[in-house]
Amino acid sequence: MVAQHKTRLGILLVTPALIFTVVCFLLPVLALLLDAFRVGSLDSGTLHWGISRFIDFFAEPLNRQVFLRTLRIAALVTLCAALLSYPAAQAIVRVSPSWRGLVLGMMILPLMVSPIARTYAWIVLFGRNGAINAVLLHLGLADAPQRLLFSEMAVFVGLLQLLLPLMLMSLVSSMENLSRDIALAASTLGANAWQVFTRVTLPLTQEGLIVGGTLVFTGCVTAYVTPALLGGPKVLMLETLLYQKVSVESDFSSANVIAVILVAMTLAVNAGLKRISAPRRSSLAGSVK
Amino acid sequence: MKSLLQQPGLFSRTILWLVFLFLLGPFVIVFLAGFSAGETLAFPPTAYSLRWILEVVAAEEFQQAFLTSLQIGLLATVIALLLGVPVAYAMSRMPPPGMGAIKQILTSPLIIPAMLVGLGLLRHFVLLVDAPVFLGLLIGHIGLLTPYAVRVVYASLINLRVDIEEAAITLGASRAQTFRLIVLPNIRSAVIAAFFLAFVTSFNQVPVSLFLTGPGISTLPIEMLGHMENSFDPSIAALSTLLVLFTMAFVLVTEKVLGISKYM
């Protein structure tokens, strides 16, 4: 009786949020995704399901190029974020308690600042009259201002700065759970720093790496502000291409196809994450205990 | 190389400083550009002044957009908390059947690319039923913020002992009284942290708002993007300077008072 009452109350409490999310959030997106598979028009009675919109989309060399560029930049940013975050996270975990608050604050500050403000710095740096060109001209390394903005390099740097904190935070939290004694034991037993890292730290923080990697990769794929400001119309990524298709060309067919690609990519990465981390979590727990 | 690796403290500390320089250094550059006196954006500026800071604060289009952002942020955050706190409570105390599936649905806004939400709401809600754009914008933001509210409050609820609630109920309090008098005071700081995190998320949001703004209604980030397309004056640097300074003060205070980093 009491248990039944509790279950009913539980259902009652989640219902408003559930209805809201499904009706106001999922349905509009779902409708958008379904549009991509709907071919022909209702008026002429030729409406049917098919993938011809996808074939048309990928037949266009520019679209293929944008698709591959998005994958390339996302992979590179994820890799570099991991390479930088491992040593940095290790240093953060070792920070003395009195400095800890400040260091954590410095880590989360960039995440709270408007992405426009964060990206703007790179416009100032990379612009024609920007800091880097000023230095190049001053040192005589260039006779005329170089074109640094609206390049793949600029987008890469901007995205790395934008998303690195996510990798850093997830590695810090997985290293915090890792007893320092384990690494100490390994080095006492004769492992050098590299061996301690590859044979002890890396396997034991794999989960944090995977979570951070997912956040950074999907963050790159779904970022809009950074590629829009640093890549411009010359270096399009999927999100900026989608915006251009809708607002400049009114090409909703391509926009719907890009929507499906974006959702498929994020779902695939997240599903992959679950598959990789689920079995490992149990084996990890076993090996630590 | 070997000697460097044998001093792991030194190597990783050096990388940490470089990472912080990379993450925070650009803000210094934004500050310098924001305080420049020049007509166009150049770095380093030839002279410094408050000219552009004063100009953006007085600019009507930015004032209007700021107010819209404030309205949307506050409304969406409050509604997201009203939807999210009950979910967090149910999840931690009385999980309804099918909790796994429910969780999946409720966290889907974190996975779905935000721009698609904006486009979906525009095409299949605002244009379909001729709803006001403001409503579409608000709905998009609420959906985006609800998972944050659930996550932060849930994390605090599972650390709260259940037996004090059971004691209250045994002593004759109703469920509602127990929640109001026992649970809520104990999760207050989590609710406040959720409020701040959600508000900042809404205030900085671009992709959801991109398609849900137009003539007459614009949020501050969207207005900034629009301004950047037409002009190269330092006003966006000045606005960014203000935003960074506010955020810094905000993070310092919330980290000191609430330890907000543990909720992220």
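Brief remarks follow.
- Within 10 Å of the Cβ of each residue in B:239-246, the mean number of Cβ atoms contributed by other protein chains is 5.
- P(r) weight above 43 Å for the protein assembly as shown, C-alpha pairs, percent: 22
- Shielding score for B:102-114, defined as the mean number of other chain Cβ atoms within 10 Å: 6
- Fewest neighbouring Cβ atoms within 10 Å first, the residues B:148, A:224 line up as A:224, B:148.
- Partner chain coverage, peptide B:21-28 - average Cβ within 10 angstrom: 6
- Our coupling estimate for region A:156-167, obtained by passing each phi through the Karplus curve with A = 6.51, B = -1.76, C = 1.60 and θ = phi - 60°, is 4, 4, x, 5, 4, 5, 5, 9, 3, x, 5, 5 Hz, Gly and Pro reported as x.
- Only Lys, Arg (+1) and Asp, Glu (-1) charged, at Cβ; chain B dipole about Cα centre in debye: 1120
- R0 of 25 Å, Cβ-Cβ distance residue A:179-residue B:158: FRET efficiency to nearest 0.05: 0.60
- Only Lys, Arg (+1) and Asp, Glu (-1) charged, at Cβ; region B:147-188 dipole about Cα centre in debye: 200
- Cut-off 14 Å (backbone N to label point 7 Å along Cα→Cβ of residue A:137), residues of region B:5-46: B:40-46
- DSSP-assigned coil residues among trypsin sites (Lys or Arg not before Pro) in region A:141-231, each with at most 16 further Cβ atoms within 10 Å: A:147
- Nearest-ten-degree value, helix B:8-34 long axis tilted from longest Cα axis of chain B: 60
- Amide H within-cut-off set for residue B:48, under 5 Å, with H built and near neighbours excluded: B:37
- Residues A:173, A:98 in ascending order of nearby Cβ atoms (within 10 Å, fewest first): A:98, A:173.
- Shape call, region B:106-155: gyration tensor on alpha carbons, a/c limit 1.5: prolate
- Where the Cα pairs of region A:62-288 fall when distances are cut into 5 Å bins, in %: 1, 6, 12, 14, 15, 14, 12, 10, 8, 5, 2, 1, 0, 0
- Residues residue A:191 and residue A:96, FRET efficiency given R0 of 22 Å [Cβ-Cβ distance, rounded to 0.05]: 0.30
- Residue by residue, region A:120-133 carries 3J(HN,Hα) couplings of 4, 4, 6, 5, 4, 6, 8, x, 4, 9, x, 4, 5, 5 Hz when phi is fed to the Karplus relation 6.51 cos²θ - 1.76 cosθ + 1.60 (θ = phi - 60°); x denotes Gly or Pro.
- Compared with the direct C-alpha span, the chain from residue B:47 to residue B:28 gains 5.2 nm at full extension, assuming 0.36 nm per residue.
- 3J(HN,Hα) along region A:210-223: 5, 4, x, x, 4, 4, 5, 5, 5, x, 5, 5, 9, 6 Hz, from the Karplus curve 6.51 cos²θ - 1.76 cosθ + 1.60 with θ = phi - 60°, whole Hz, x for Gly and Pro.
- Reducing region B:232-249 and region B:130-179 to their Cα centroids gives an inter-centroid distance of 34 Å.
- Tail beyond 26 Å, pair distance distribution of chain B (Cα, percent): 56
- Overall form of region A:17-129 per C-alpha gyration tensor (a/c, 1.5; a/b vs b/c): prolate
Only the coordinates and a few stated rules stand behind these numbers; no lab work does. What you see is a predicted model, and the numbers here were worked out from it, not measured in a lab. Neighbour counts run over all protein chains shown; Cβ positions are idealised from the backbone, glycine included.
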